Amino acid sequence: IKMKKQKMEMDIINAHCAGIDIGSKSHFVAIGQQLTDVKEFGVYADDLTAISLHLKQHGIASVAMESTGNYWQNLYVELIKHGFDVILCNGKFTKNVKGKKTDVKDARWIQKLHSIGLLTGSFLPDSTTETLRTYCRQRSNWVDSCAEASHKMQKYLKLLNFRLDVVVRDICGLTGLAIIADICKGNLNPAELAKHRHFNCRKSEEEIAKALKGNNRADYLFGLKQEYESYLFFQKKMDACDAEINKFLKTQINTHPEMKKLKTDNKPHKRINKNALKGIDLNQASFQYFGGVDLMTVEGVNQSTLMSIMSEVGPDGFKEFPTAKHFTSWLRLAPNNRISGGKLLSSKTPKGSNRLKIAFRNAANAIGNLKDTHLSDFFKRVAFKKGRTVAVSATARKLAVIIW
């Protein structure tokens, strides 16, 4: 008996929708499933406006597109400005298109998935948090550059046989930088260099002088001077970022009188790192910024963690996650339980990272070094059974739940 072919159709959830395949030099816009429904546009400002007008002419209300690199951002802003409901989705949810991969097929596939309601949007912070995030990420890049310059300075000092790293804990501390600055000026006398010793330094002047007897090679001295100048340049850029962040936070707090009135107690037991934000009391500022929630009371949370929370999620961002499980899943800190036939196949934490996850893991690692606290006891119990690496992830997840 010859069976008739049956065509199964799924319900249309989004009737007036479009799919856009984002590219570096052109965007492909699909308003339907026919080849004639796909149109190619450029990436210039006029082209982005033309895309919006094209979608309006065809009565499109909702648009879906992939978060490809940074190419999506300008188009996303333009579409939001024209009143479209835009869903920015992860590329892994749209990559299983059948057959040979082309831009036209991708655009039609995205449109098809969106029309039957199979695409979910990624988390995007509000405009205030996005602005603060830009400043903080730029500052973080300068911190990384400072660390790189510091490592290179240490390398040149070792090549010169100036073992400053042995007699001082940090070559970029008060004693270390003063000695390096004097070396770069041409002073190579160990006894005179040792006089820059800060009174808090554990080693004596005599021992520092012993460590500063080197080979005085001109090429290594030139390299050291170059890296020292780079370090000072990066520090100057960091200070400029600090000033901009301070200005932005004060503006946000001052525009809300109820925030300005809030005050919290000082926390002298929380260490302030030398790379911490300068010119503002972040303990007070964060308390006001989050409307009276004192995140600094949480174990392991320091100024760096606070800045990551403020710039990556922000006060309104937490409202986008209905439960703590949604929040930890977004952070890739929750176990990905794969079950088939009632049997647990795998419970590994999924791959993927962002700046906030790194901040929580750093805080969890610091918690592991504390004594007799609730979270440090939890950390040690997990570390005893499964090792420190697993304990860091587990404590980072617990910390994210507490903060949510």
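The values are calculated or read from the model by the stated rules, or taken from the named source; none is laboratory data. Quick caveat, the model's predicted, so the values are computed rather than measured. Please note: Cβ atoms are built from the backbone with ideal geometry, for glycine as well, and neighbour counts cover all protein chains shown. What goes into the accessible areas is simple: the full protein's heavy atoms, side chains included, and nothing from ligands, DNA or RNA. Shrake-Rupley method; radii C 1.70, N 1.55, O 1.52, S 1.80 Å.
Any idea what the alpha-carbon Rg over 2.2 N^0.38 Å comes to for region 72-169? Don't skip to the end; give the middle numbers.
Numbers: Rg = 23.8 Å, N = 98, 2.2 N^0.38 = 12.6 Å.
So the Cα radius of gyration is 1.89 times the expected 2.2 N^0.38 Å.
Per atom type, the chain shows carbon and sulfur on 52% of its accessible surface, probed at 1.4 Å. Using the Cβ-Cβ distance between ARG381 and ILE253 with R0 set to 41 Å, the FRET efficiency from 1/(1 + (r/R0)^6) comes to roughly 0.55.
Centroid-to-centroid, using Cα positions, region 144-168 and region 245-319 are 34 Å apart.
Measuring between their Cα centroids, region 26-65 and region 72-110 lie 11 Å from each other.
Using only helices, what value at 222 nm comes out for the chain when you add -39,500 (n - 2.57) per DSSP H run of length 4 or more and divide by the total residues, to the nearest 500 deg cm²/dmol? Mind dumping the intermediate values first?
Details: 17 runs with 208 residues, N = 404.
Counting only the DSSP helices, I get -16000 deg cm²/dmol.
Measuring nothing but how far apart in sequence close Cα pairs (under 8 Å, 6+ apart) lie, relative to its length, region 1-138 scores a relative contact order of 31 percent. For the set HIS256, HIS27, solvent exposure ranked by accessible area (probe 1.4 Å, protein chains only) runs largest to smallest as HIS256, HIS27.
For the chain, a Gaussian network of Cα nodes joined below 10 Å ranks GLY342, GLY69, GLY317 by mean-square fluctuation, and the top entry is GLY342. For region 324-362, applying the loop criterion from DSSP together with a ceiling of 12 other beta carbons within 10 Å to the trypsin sites (Lys or Arg not before Pro) yields LYS348, LYS351. Our summary gives the chain a relative contact order of 11 percent, counting only alpha carbon pairs under 8 angstrom and 6 or more residues apart. Over region 277-404, the alpha carbon radius of gyration divided by the compact-protein estimate 2.2 N^0.38 Å works out to 1.12. Among 300-306, 153-159, sorting by the average number of other beta carbon atoms lying within 10 angstrom of each residue, highest first, gives 300-306, 153-159.
Ordered from highest to lowest accessible area with the whole protein assembly present and a 1.4 Å probe, TYR231, TYR220, TYR44, TYR135 read as TYR44, TYR135, TYR220, TYR231.
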